[in-house]
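Derivation of every value follows stated rules applied to the coordinates shown; laboratory data play no part. This is a predicted model, so every value here is computed, not measured. For neighbour counting, all protein chains shown are included, and Cβ atoms are generated from backbone atoms with ideal geometry for every residue, glycine included.
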Amino acid sequence: MKFPLYFSRKIARSKDNKNTLSRVIVLIGRLSVALGIIVSLITISTGLGSKKAIQERVADFSGHITVKSTQSNASYNTSVLERQNLDLKKIQNNPEVAGIQSFATTTGILRTKDNFSGIIFKGVDKDFDHERFQKFLIEGNTPKIDGKGYNNGIVLSKKIANDLHLKLKDSIVAIFSKADQKPIYRKFEVVGIYKTDIKMIDDQFILGDINHVRKILDIGKSDIGGLDIFLKDISHINQDFPAIEKAIGYKNYAEKATDKYPMIKDWINLFDNYIAIIITLMLVVVVINIIMVLLILIIERTNSIGILKTLGANNNQVRAVFINYTLLIMIPGLLYGNLIGIGLLLLQRFFGIIQLNPDNYYVSVVPVDLNPLYFLLISIGMLVIAALALIIPSYLISKISPVKSIKYN
């Protein structure tokens, strides 16, 4: 074992630390490191967890990538998807694609005796992914579409159901308008109620049979308004998007779920900035405290520095002793910080203690991302940055004279 590491470990284990100023200094250093680790873990875990949860909610409702006709533009009354040059098999055979479902949308109004609500009717076909939608259902089921006839069951959001005082098995009249024609009336039965916590979705969308939309928009029995494409991993959406875009034909366009709602996209991008700012602040606080610990330890052990130099240790060796000693002080702080931080995150993960207003945050419970790689990188990064930050202040040791330091009291 090299001399600096050996001697620094001997100092760290010395019983003198329990009876001198070192005990207080060591405690301060460890507390600052533990606090920095706890705050950093919570910040990155909840920040990335919220970012991922919001992206997945939007994507699981409307597809990671949506394909529509260029004639649809931003209209919710979808135009017929152009089949020409649309290579559906190529998309289906893409190893990153988990599933595809067809849809068509139109706008309308749900009306009761006392109230009404503007809605976007999203018609789904027999290829609808019922299992993926289960996470949003809070009551009832999704309508079983077989492609034949008309299924009158619809799924409302909890927000719309509350506004219109509707519950399962209630009947509701929907009104759809067409240019230069009389309004079209349809009577539906509420078979399910969902909640995504995404305001732009919950305020507007209902799900039902695509054949109703085909009839309202007066399109063919096999025509669709678009495709919802689901990927195996939303974090790869930017890499997978170009391959999908090349297979849809020039008369259609593809849109990523992360770009569909600009307000949500801007909100998600803020997480990266907040995470970077908070972790930087924690690093600054920890580094300042650790430097102060090093300087006080140097002052306190001036006699020891003089003795080491007298016995033949050079400045670099003595500096290494105190840098190693300070880093050894950090390790218990790192361990306790990780234990407490991960413990708090596990409590939130399984019990959802901290709740949020979904109207403002798009999630009702603070989500956490328990990726062990993040925890490891934070601890190693803090240790490495602290070691580098200690190099410059440790040069104070080279200014200490052996003769004067031995006399120092």
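Summary of values
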{"quantity": "Per-residue HN-Hα couplings for the stretch 316-324 [Karplus 6.51, -1.76, 1.60; θ = phi - 60°; Hz; x = Gly/Pro]", "calculated": "4, 5, 5, 4, 4, 4, 6, 5, 4"}
{"quantity": "DSSP beta bridge pairing in the stretch 141-221, given as percent antiparallel to the nearest 5", "calculated": "60"}
{"quantity": "Contact order relative to length of the stretch 150-289, as percent, for alpha carbon pairs under 8 angstrom and 6 or more apart", "calculated": "21"}
{"quantity": "Fraction of beta bridges assigned by DSSP in the stretch 71-250 that are antiparallel (%, nearest 5)", "calculated": "75"}
{"quantity": "Within the stretch 71-250: Cβ-based charge dipole about Cα centre, in debye rounded to nearest 20 (Lys, Arg +1; Asp, Glu -1)", "calculated": "560"}
{"quantity": "Relative contact order %, the chain, counting alpha carbon pairs below 8 Å whose residues are six or more apart", "calculated": "28"}
{"quantity": "Assigned charges on the beta-carbon of Lys, Arg, Asp, Glu; the chain dipole about Cα centre (debye)", "calculated": "1680"}
{"quantity": "Amide hydrogen neighbours beyond the local backbone of Ile224, cut-off 5 Å, H modeled", "calculated": "Leu81"}
{"quantity": "Kirkwood-type radius of the chain, with distances r between different C-alpha atoms, in Å", "calculated": "25.7"}
{"quantity": "Selection from Ile216, Ala243, Pro183, by position along the positive dipole direction of the stretch 71-250 (Cβ)", "calculated": "Pro183"}
{"quantity": "Charge dipole of the chain about the Cα centre (unit charges at C-beta), most positive-ward option of Gln71, Gln317, Asn269", "calculated": "Gln317"}
{"quantity": "Value in Å of the Kirkwood radius, where the stretch 206-310 supplies the Cα pairs that are averaged", "calculated": "20.4"}
{"quantity": "Relative contact order computed over the stretch 71-250 (Cα-Cα under 8 Å; 6+ residues apart), in percent", "calculated": "33"}
{"quantity": "Phi-based couplings in Hz for the stretch 45-62 (Karplus 6.51, -1.76, 1.60; Gly and Pro marked x)", "calculated": "6, 6, x, 5, x, 5, 4, 5, 5, 5, 4, 5, 5, 4, 5, 6, 7, 10"}
{"quantity": "Within the chain, percent of DSSP bridges classed antiparallel, to nearest 5", "calculated": "80"}
{"quantity": "Förster radius 35 Å - calculated FRET efficiency between Ile353 and Arg111, Cβ distance, rounded to 0.05", "calculated": "0.30"}
{"quantity": "Tyr194 long-range amide H proximity, modeled H, under 5 Å", "calculated": "Ile138, Leu156, Ser157, Lys158"}
{"quantity": "Most mobile of Leu297, Leu388, Leu231 in a GNM of the chain (Cα contacts under 10 Å)", "calculated": "Leu388"}
{"quantity": "Ellipticity estimate at 222 nm from DSSP helix runs (n ≥ 4, -39,500 (n - 2.57)) divided over the chain, nearest 500", "calculated": "-16500 deg cm²/dmol"}
